[in-house]
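Take a look at the structure set out below.
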Amino acid sequence: MGNVVSLFENEQKDEEKPIVLLADDDPSIRLMIRHVLEDENYEIVEAEDGLDAIRAVEKQRPAVILLDAIMPGLDGFTTCQQIKDRGYSDIPVMMITGLDDEASVERAYDVGAVDYITKPIKWAVLKHRVRTIVQRVVAERKIQRLEYRDSLTQLPNRLLFVDRLEQALTRAERHRESLALMVVDIDDFKLVNDSFGHEAGDLLIKAVGDLLSKSLRRADTVARLGGDEFAIVIENVNGVEDAISIADNLTTVLEHNVRLDNQETFTSASVGIALYPDDGADAGTLLKNADTAMFRAKENGRRCFQFYKPEMSVTAMERLDLENSIRNAMDNNELVIHYQPTIDVHNNEIAGVEALLRWQHPEKGMIEPDDFIPVAIESGLIVAIGDWMITTICHQLRVWKDAGMENPNVSINLAARQFKDGNLTATFIQAMDKYEIEGSELTIEVTEATLTCSEGEIEATLNKLHDMGVKIAVDDFGIGFASLTNLKDLPIDVVKVDEKFVSGVPDNEKDVAVVTAIAGLTRGLKLKLLAEGIENERQLNMLKSVGCSLAQGYYWSKALPADQYEQFYLNRFYNLG
């Protein structure tokens, strides 16, 4: 790939006028050839000897070389050999000479010539041969350029970018300079695609590419690596402060309003930075580390930049190992469901049960959901896990119903990604039909944060499921960002007050005030209130006094495997507990 950069940089010149390099020590021959080719719309570059020809090749990258075999200093054969040895084997060489013996002809082809024209020159033949070769070379180069250019933004693609980065690293090493590699990723790009469509997404990518190109120096390299990810090489960076200034400017420039599909949307980007030589001495390492830093910028709230730190690689590897372990856990049936009872606090009876995912690791034992669910959501594995949970829970419900257990309503927690990437309605219908489960026997729990991710999309799914009889509960209420509009307009049946507030009652006045306010709100909207995390009778009595009708907590039971929950149920049913 040694000449990818020069190929790309000479693109415009190739398209306007292909260059023909004419190397001959006889000025009269050069004059005659120039005269013969002058009406072919070529740019003729002349060289008086072999060394001059080599320099012209490196500077101009011609479409064809007409090379005299007999010249002072470097003869044509040696010149041709050196041109090929320097990486320009794709440039065709036509040898022109008065030598017509078989050995000279063989030598010309051995050193890489594609044609051999003897003197005296037949001008019509020369003109035709040059035209044929130039047309072929121009066509081939156009195809090559498509391989190295991103068709959407017209920026260099990953293949060309890596070549440019490697050459920049060579220069930085030679001159003992620093270099900054920045990876730029558009924030919330999937949301734009989902909301406006892929055509709008393409417009946004083009707009960001233009913004990046216009905000950087001409000498800097901007490329599209793929998807919504760009990369920038900035040479001769004067330390961290210089990189900070550039990155700060980039994040500011990219906070931009873009019009898509007749609607204006706000765009921003997260930037990861790796510096040569501190963060890597080769292109692959720098790209990996800049990418790792970019993901850390995403985790830190987006619309910001982050420099690479060695500990990030450790964290990234741990996350990758965890993601792979989750995949294996699914294949090896290590995921299990525990069930925590929900109690009707007024009659002290079981009103339902919440299904909670657990991971029974063969070596590490039971892994709590907080330790792996976030990775499952981020990686998209939560969609497959969620589908498995819905099917498994419906099957368990069927078992309990056949055993004569009453009030076997089961609530299932759902993440925003399951609404976006999965087909929840179809999954529920299939599982419910298979095990003959009524919608009223299921409850869906969504957090406040989920309700704010994509209201229209999630609302449509919740309405479909609610029409099927499925109850809807808002989990962790009080710690998210849901508006009163969500509670008023969405088909909500139950509000679960977060245990962070429950743990403080009745002693903490602020917690009491929050719980009382939430109770009043749900009562006014005719919604049921469920309190999580009840551990003692004082908490229970306070919550009952403000109108809370449902509760969960260790006061009754922790989450239990299915068989243990059955025993819990039987003990309470026969009043043996």
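Laboratory data are not the source of any read-out in this text; all were calculated from the coordinates shown. All values derive from a computational prediction rather than experimental measurement. A quick note on method: Cβ atoms are made from the backbone with ideal geometry, for glycine too, and the neighbour counts reach across all protein chains shown.
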Separation in nanometres of the label points that stand 7 Å from Cα toward Cβ, at E102 and R176: 5.9 nm
Proximal aspartates and glutamates to K510, defined as alpha-carbon separation beneath 15 angstrom and excluding residues fewer than eight positions away on the same chain: D498, E499
Ratio Rg/Rh [Cα only; Rh per Kirkwood] for region 150-292: 0.99
Residues I133, I44 arranged by fewest to most Cβ contacts within 10 Å: I44, I133
Cα gyration tensor, region 125-230 - rounded (a/c under 1.5), prolate or oblate: oblate
Gyration tensor verdict on region 457-577 (Cα atoms; rounded if a/c is under 1.5, prolate if a/b is larger than b/c, oblate otherwise): oblate
GluC sites (Glu not before Pro) lying in DSSP loop within region 172-226, provided at most 15 other Cβ fall within 10 Å: E177
Residues K420, K526 arranged by fewest to most Cβ contacts within 10 Å: K526, K420
Local net charge near G404, Cβ-Cβ under 15 Å (Lys/Arg +1, Asp/Glu -1): -1
Partner lysines for K214 [C-alpha distance under 18 Å; skip if fewer than 8 residues away on the same chain]: K206
FRET efficiency, K434 to N508 (Cβ-Cβ, R0 60 Å, nearest 0.05): 0.80
Region 158-308, relative contact order in percent, only Cα pairs under 8 angstrom and at least six apart counted: 30 percent
From the C-alpha gyration tensor of region 4-148, square roots of 5λ in Å: 23, 17, 14
The chain - share of DSSP beta bridges that are antiparallel (%, nearest 5): 50 percent
Nearest-0.05 FRET efficiency for D210 and R158, computed from C-beta distance (R0 25 Å): 0.85
Using θ = phi - 60° and Karplus 6.51 cos²θ - 1.76 cosθ + 1.60, couplings along region 116-121 (whole Hz; Gly, Pro as x): 9, 10, 8, 8, x, 6
Positive minus negative residues near L225 (Lys, Arg vs Asp, Glu; Cβ under 14 Å): -1
Gained length - E147 relative to D489, 0.36 nm times residue gap less alpha-carbon distance: 118.0 nm
Spin-label proximity, D467 to region 411-445 - amide N less than 19 Å from point 7 Å beyond Cα toward beta carbon: 419-420, 423-433, 438-444
Given K59/K122; K464/K488; K298/K364; K364/K500; K298/K496, the pairs whose alpha carbons are separated by over 26 Å: K59/K122; K298/K364; K364/K500; K298/K496
Residue-count net charge about V36 - beta-carbon cut-off 12 Å; Lys, Arg +1, Asp, Glu -1: +3
The chain, relative contact order in percent, only Cα pairs under 8 angstrom and at least six apart counted: 8 percent
Sparse-neighbour loop sites [trypsin sites (Lys or Arg not before Pro); region 208-273; at most 15 other C-beta within 10 Å; DSSP]: R217, R218
Distance from region 45-59 to region 166-235 (C-alpha centre basis), Å: 36 Å
Overall Cα dimensions of the chain - principal axes, largest extent first, Å: 115, 50, 50
Projected label distance in nm at T516 and K127, using a 7 Å step from Cα toward the beta-carbon: 10.2 nm
Which of M432, M330 has the fewest Cβ neighbours within 10 Å, and the rest in rising order: M330, M432
Helix-derived mean residue ellipticity, 222 nm - over the chain, DSSP H n ≥ 4, -39500 (n - 2.57), to 500: -15500 deg cm²/dmol
Scaled radius of gyration (Cα, divided by 2.2 N^0.38 Å) that region 321-560 gives: 1.00
Spin-label model distance (nm) - K84 vs S28, 7 Å beyond Cα toward Cβ: 3.2 nm
At R0 = 25 Å, FRET efficiency that the Cβ-Cβ distance of V336 and L570 yields, to 0.05: 0.75
